[in-house]
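The values are calculated or read from the model by the stated rules, or taken from the named source; none is laboratory data. The model shown is predicted, which means the values in this text are computed figures rather than measured ones. When we count neighbours, we look across all protein chains shown, and the Cβ atoms used for this are built from the backbone with ideal geometry, even at glycine. Each accessible area value is taken on the protein alone, full model and side chains, heavy atoms only, with ligands, DNA and RNA left out. Shrake-Rupley method; radii C 1.70, N 1.55, O 1.52, S 1.80 Å.
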Amino acid sequence: MQPAEKRGLLYVALAVAFLSTSPVLIVWADPMPSLLKTTGRLLVGALVIAVLSRFVRGEAVAGEQQVSARSHGQSAARFAAYGLVTALHFLFYVASLEYTTAAHALAIVYTAPIFVTLLSAATLKEPIHRRQWFGVGVTVLGIAILAGLEPTMTPRMAFGDLLALLSAITYGFYSVAGRYERGRYPLLVYASRVYGVAALWLLPAALLIAPTAPNGSWDWPQIVAVIALGVGPHALGHTLYNASLRRVHATYVNIIASQEVTGGIILAFLILGQVPSINSLVGALVTLIGIALVLK
């Protein structure tokens, strides 16, 4: 394994630590509507990364030089698409937690390796070996065990699970886009623009519903939770995730990031009192085996 790949694996491992806090922070932001939570986290994340890029020598300048060397129209169209996919991914994910448990939402979102692998092979010409496909399959099986055989399934939970599946599909596009642009834009320039454009897609609707938000939506605990979402899971977690995508095959990165499921379940138990089932524990173990098979 090349040094760059090792750094990429380290980046995504660090990303998991930040991403795992997301379910708890999203719940803490209740009763703020999902649309406002998502828009807020994207705005905060974009602002943090944009400011950070100004302090990283050469990042902002290099970004402007690369943009000026290309068609602004093509660049704008691509980033509009990336921003829309990113906005939908986070909106579906945040909304799913209003209807289903953190274990279900996280588990279903991380069926994303299937979509990442298919899209990487189709668009980036980056197929993986048969043994690694087997590892992807084992990982997805572990996620299915973690979320499956739910004795308390209700129509409400099923709707939440559907939202999580839509989040998984858009996560696949989001991941492949980050790898596709790795040679075109510096990391922080790319990240701040994607987060910013994603926020702009949601901002009109967010401003429209903001006056009708339930009582308590704008109390300090909710505001702090959204700011923490933007700084921790988003600015730090997702930017580290994108940094890893620039060094390692998108499927491998997504497989490791799936351990957000395990971290999220642990934190949901410790902080929110959501006791994990035997399915959750067995499923987390199986996903770890799958990751080992992919990376072996």
Rounded to the nearest Å, what's the spacing between the alpha carbon centres of region 195-221 and region 151-189? Just the number, please. 21
Cα-based shape type of region 146-296, given that a ≥ b ≥ c are square roots of the gyration tensor eigenvalues and the cut on a/c is 1.5: oblate
Give me P(r) over region 224-296, computed from all C-alpha to C-alpha distances, binned every 10 Å, as integer percentages. 17, 39, 35, 9, 0
Could you work out what % of the accessible surface of the chain is carbon and sulfur, using a 1.4 angstrom probe and leaving DNA, RNA and ligands out of the count? 72
FRET efficiency estimate (nearest 0.05) - Cβ-Cβ, K125 to R156, R0 41 angstrom: 0.45
